[in-house]
1. Where the centre of each part is set by its Cα atoms, how far does the range 174-191 sit from the range 93-134, in angstrom?
2. According to the square roots a ≥ b ≥ c of the eigenvalues of the Cα gyration tensor, what is the shape class of the range 168-253, taking rounded for a/c under 1.5, prolate for a/b larger than b/c otherwise, and oblate for the remainder?
3. What does the charge count around K181 come to, taking other residues whose C-beta lies under 15 Å from its C-beta (Lys +1, Arg +1, Asp -1, Glu -1)?
4. Order these by the 10 Å Cβ neighbour count, fewest first: R44, R89, R51.
5. Let me make sure I get this right: for the range 73-148, a, b and c are the square roots of the gyration tensor eigenvalues over alpha carbons, sorted descending. Under 1.5 in a/c it's rounded, otherwise prolate if a/b > b/c, else oblate. Which is it?
6. Output wanted: per-residue J couplings in Hz (rounded whole) for the range 236-251, from phi through Karplus 6.51 cos²θ - 1.76 cosθ + 1.60, θ = phi - 60°, x for Gly and Pro.
Amino acid sequence: MVIRFLILLIIFSYTYSYGENKCISCHNDNICMEKGNNCTICHRGNDKTTRPDIAHYKLIKGDYAEFNNEKSIITQKGIQLINDANCTRCHKIGNTGANYATDLNSTVKRLSTDEIIKSIQEPVINMPKFKFSKEDYRYLITGLYHYAINAEVKSITQVVRLNNKDNATALFNNKCGGCHKALTSIGALGYYNSAPNLSSLKNSNPDYLNGKSWNKDNLKQWLLNPRSLKKNATMPKIELNEEESKKIIELLLQ
């Protein structure tokens with residue numbers, strides 16, 4: 001028993017040498033050595049072991065490893081893609097965003113790069129399907145790492161109120177859900193994606209109304225008559241009374 005313990009101790013000591021970077025035993029000609037002796041700052045993984053399966057756990061490959069450099073062109077393009085895709089309309093990323101969907105800070109830390117890409121390419125129900133190119137994914141993932149790796153994760157849960165006294169769920173589904181979907185504080189609403197996703201409308205890119213952001217006044221006007229704000233609007237006029245209009249506006253702009 002003692003001999004067996006000593007053998008295990010020797011193996012453990014060889015595999016884990018704390019204070020010593022084991023990455024350089026295989027990657028001693030890597031350009032990263034010019035930046036210091038801490039590979040995990042940019043690549044995650046475990047630099048205290050010689051076992052590849054442990055050393056490379058959740059490894060961030062070099063294609064995405066510039067996330068700590070905010071001035072990098074790749075990082076900047078990633079940040080722009082995140083803004084263009086309106087990720088913060090539904091997700092918390094970095095220190096901003098909504099809590100209608102998964103906290104991306106937690107997700108990015110928890111998943112491998114391949115798993116993150118797959119979750120975007122094969123979206124869950126109610127998540128839009130994005131048409132990113134292969135090169136886009138390099139920028140996008142770098143941008144996500146930039147925001148998430150060093151962000152504080154306060155909560156990995158989402159609170160959804162399924163029972164609402166005002167019956168806003170039925171109202172939205174009946175009046176808007178035939179064309180639109182939306183993630184809101186009362187859950188996922190709508191049935192079809194034939195019209196724009198209305199999640200966190202106040203945080204959406206203000207390009208649809210010629211650069212104007214949505215607010216209570218122009219959304220109310222839009223619901224009364226879409227073509228009063230946009231001549232070629234394809235949305236039909238929706239029959240809503242004053243109370244119904246107020247509930248939908250509050251739901252989409254909260």
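1. 20 Å
2. Rounded, since a/c falls under 1.5.
3. Around K181, the charge tally is +3.
4. Ranked by crowding around the Cβ, least crowded first: R51, R44, R89.
5. In terms of gyration-tensor shape, rounded.
6. Each residue of the range 236-251 in turn: x, 5, 9, 6, 9, 7, 4, 5, 5, 4, 4, 5, 5, 4, 4, 5 Hz.
Each value in this text was obtained by applying a stated rule to the coordinates, not by laboratory testing. Source: prediction; values computed, not measured. Here Cβ is always computed from backbone atoms with ideal geometry, including for glycine, and neighbour counts include all displayed protein chains.
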